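A.B. asks: This is the structure I have questions about; it appears just below.
What follows draws every value from the coordinates through simple rules; no lab data is involved. Predicted model, so just to flag it, every value in this text is computed and none were measured. Neighbour counts run over all protein chains shown; Cβ positions are idealised from the backbone, glycine included.
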Amino acid sequence: DVKVTQSSRYLVKRTGEKVFLECVQDMDHENMFWYRQDPGLGLRLIYFSYDVKMKEKGDIPEGYSVSREKKERFSLILESASTNQTSMYLCASTGLWGEQYFGPGTRLTVT
Amino acid sequence: GESVGLHLPTLSVQEGDNSIINCAYSNSASDYFIWYKQESGKGPQFIIDIRSNMDKRQGQRVTVLLNKTVKHLSLQIAATQPGDSAVYFCAENRNSGGSNYKLTFGKGTLLTVNP
């Protein structure tokens, strides 16, 4: 089975802190994605990566950056956390046919 | 614009009944569709997929139907069980070049199964 893991299930940070969310997949997938999920808004794409050291902006990249130094790991960085970044963050990687496999999610609260 | 949406935001069924969750899409170039299940507090779980060269695909207790003429997708769950209670998303997957894919998600339908 495909396994996508995220470093934390729950995270509480203060406004202005730098936040790192880590995602690891064990299937040698090339494509990895970061989404945030908010009630009424569904899943929104923040950033994605098609290969190591490659990144592309999604629909809502403002306030975020990413890092892909190794194929299995895709990190989402909040340079200076703000309260409007309180959300559920979901990482995914793409299988052979384009199906995405998701991690369990990180519920981030910024106070 | 292009979108993937759901006809009903909530669906309540009795245990043992069949459930049908619907989805509309507007991009006729989409060639691949996926249904996900998301239980409370968890990440979306892949259920079943279908390619545009098919109109029906069956899994264990689930069937996906694709009607390209009206750009409609449905998920049928047979003999619905309490464990099926979750939010169900459809997703549209367009090949954005080579093997690279991005998904467009519907907002989701909340399925509640009453015992």
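A.B. asks: Please give every one of the aspartates and glutamates within straight-line cross-link reach of A:Lys71, meaning a C-alpha to C-alpha distance under 14 Å, and leave out same-chain neighbours fewer than 8 residues apart.
C.D. replies: Within reach: A:Glu22, A:Asp26, A:Asp28, A:Glu30, A:Asp51.
A.B. asks: Given the protein assembly as shown, report the % of alpha carbon pairs whose separation exceeds 21 Å.
C.D. replies: So the pairs more than 21 Å apart make up 55 percent of the total in the protein assembly as shown.
A.B. asks: Can I ask one more? Under 20 Å from a label point 7 Å along Cα→Cβ of A:Lys3: give me every residue in segment A:19-43 with its amide N that close.
C.D. replies: Counting backbone N atoms under 20 Å from the label point, the list is A:22-33.
A.B. asks: Let me ask something else. Any chance you could tell me what percent of the C-alpha pair distances in segment A:58-111 go past 18 Å?
C.D. replies: 41 percent
A.B. asks: Which entries of B:Lys42/B:Lys107; A:Lys18/B:Lys107; A:Lys55/B:Lys102; A:Lys3/B:Lys102 show an alpha-carbon separation above 21 angstrom in the structure shown? Display every interim value, and only then the final one.
C.D. replies: Details: B:Lys42/B:Lys107 16 Å; A:Lys18/B:Lys107 30 Å; A:Lys55/B:Lys102 13 Å; A:Lys3/B:Lys102 19 Å.
In this structure, A:Lys18/B:Lys107 lie more than 21 Å apart at Cα.
A.B. asks: Ok, one more. Kindly provide the Kirkwood hydrodynamic radius of segment B:5-112 in Å, to one decimal, from all pairs of distinct alpha carbon atoms.
C.D. replies: Taking the inverse mean of 1/r over all distinct Cα pairs, segment B:5-112 comes out at 14.0 Å.
A.B. asks: Quick one: dipole size for segment A:1-69, taken about the Cα centre, charges +1 on Lys/Arg Cβ and -1 on Asp/Glu Cβ, in debye to the nearest 20. Working shown, then result.
C.D. replies: Working: 11 positive and 12 negative charges, 79 e Å.
The calculated dipole for segment A:1-69 is roughly 380 debye.
A.B. asks: Here is a further query. If I take every Cα pair under 8 Å that is 6 or more residues apart in chain B, average their sequence separation and divide by the length, what percent do I get for the relative contact order?
C.D. replies: Computed over chain B, the figure is 36 percent.
A.B. asks: Between B:Asn53 and B:Ala78, what FRET efficiency comes out of the Förster formula 1/(1 + (r/R0)^6) with R0 = 35 Å and r the beta carbon distance, rounded to 0.05?
C.D. replies: With a Förster radius of 35 Å, E is 0.90.
A.B. asks: Do me a favour and compute the ellipsoid semi-axes for chain A from its Cα gyration tensor, root of five times each eigenvalue, largest one first, whole Å.
C.D. replies: Numbers: eigenvalues 97, 39, 33 Å².
Ellipsoid semi-axes (Å, largest first): 22, 14, 13.
A.B. asks: Here's a follow-up. Any idea how far apart B:Asn18 and A:Asp38 come out in nm if each label point goes 7 Å out from Cα toward Cβ?
C.D. replies: Rounded to a tenth, the inter-label distance reads 4.0 nm.
A.B. asks: A further question follows. Can you tell me the FRET efficiency between B:Ser26 and A:Val12 if r is taken as the Cβ-Cβ distance and R0 is 30 Å, rounded to the nearest 0.05?
C.D. replies: 0.15
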